[in-house]
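Each reported figure results from applying straightforward, stated rules to the coordinates on display, with no laboratory input. The structure displayed is predicted, hence computed values, not measured ones.
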Amino acid sequence: MDTFSDKNQKIALFLELISQIKDHRRTIKGNIRHPLAEIMFLTLSAVVSGANTWQAVETFGNAKLDWLRIYFPYKHKTPSDATLGTFFGAL
């Protein structure tokens, strides 16, 4: 079983890896509701759990929000399927 330290190291590695992805959004304006790390973590978690549409990723996020918040704040809850589609379409 993973210890708290092991989980922190895995999250740190995840953040290091996704920091190499260029965020194409205009982050300077400050109106980004969902940070890149939250979107990527949600999507990866949902896909590993069997989600295969943006709607399924959104449904997973809504159902597992408490669990997701163990790792990231999700201050504005999880992104909608439309937001996910737009984000990944532009990526």
Query raised in the report: Based on DSSP H runs of at least 4 residues, each adding -39500 (n - 2.57), what is the mean residue ellipticity at 222 nm of the chain after dividing by all its residues, to the nearest 500 deg cm²/dmol?
Result: -17000 deg cm²/dmol
Query raised in the report: Counting pairs of alpha carbon atoms under 8 Å apart in space and at least six apart in sequence, what relative contact order in percent does segment 38-91 give?
Result: 39 percent
Report task. Take the Cα gyration tensor of the chain, multiply each eigenvalue by 5, square-root it, and list the three semi-axes largest first, rounded to whole angstrom. Result -> 21, 17, 12
Report summary line: Subtracting the Cα-Cα distance of LYS10 and ALA63 from 0.36 nm times their residue separation yields 16.8 nm
Query raised in the report: On full extension of the chain, what length is gained from ALA82 through THR53, given 0.36 nm per residue of separation minus the C-alpha to C-alpha distance?
Result: 9.4 nm
Report summary line: Contact order relative to length for the chain, counting C-alpha pairs under 8 Å separated by 6 or more residues, stands in percent at 28 percent
